[in-house]
Amino acid sequence: MKKQPVLITNAARSQSEQLRARQIRYVTMMSARAGCLILGAVLVSVRPPLLPLWLILCAAGMIFLPWAAVLIANDRPPKSRANPAASAAVGQQRVLEPEAAEAIKQRTIDVEP
């Protein structure tokens, strides 16, 4: 069994990991929709008691699940409450003096001594 590495950072998951998780949720929900369709077909052929109720439930699943799957697949992960300053800093803009902006453009960092 493969061990999961210990999480030592509070960095967000990568975009590719988030996309993969959303794809898995979407495929799972659409598979449940296909299951509702197959179950509805089987119920029609078997004709169990309360058939109309079962067919209504299957139809509701076939209508609701695609809508929910698209909403969930397109949803981004929630913002973290652990670092509210980071989300507030994104919306702030600093206005620099022209001299300060020029000094930042001309700053050079040299790695070699």
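All of the numbers you see were taken from the coordinates with simple rules; none came from a lab. All values reported here derive from a predicted model rather than from experimental measurement. Glycine gets a Cβ as well: all are built from the backbone with ideal geometry, and neighbour counts include every protein chain shown.
Multiplying the sequence separation of Asn74 and Gln18 by 0.36 nm and subtracting their Cα-Cα distance, what value in nm do you get? Let's see the in-between values first.
On the way: separation 56, 0.36 × 56 = 20.16 nm, distance 1.06 nm.
Fully extending the segment from Asn74 to Gln18 adds 19.1 nm.
Under the 0.36 nm per residue contour assumption, what length would be gained going from the current alpha-carbon distance of Lys2 and Phe64 to full extension? Walk me through the numbers on the way to the answer.
Values: separation 62, 0.36 × 62 = 22.32 nm, distance 3.71 nm.
Length gained between Lys2 and Phe64: 18.6 nm.
Peptides 46-53, 20-27: what's the order by average Cβ count within 10 Å, highest mean first? Don't skip to the answer; put the middle values down first.
Numbers: 46-53: 8.9, 20-27: 13.5.
Final packing ranking: 20-27, 46-53.
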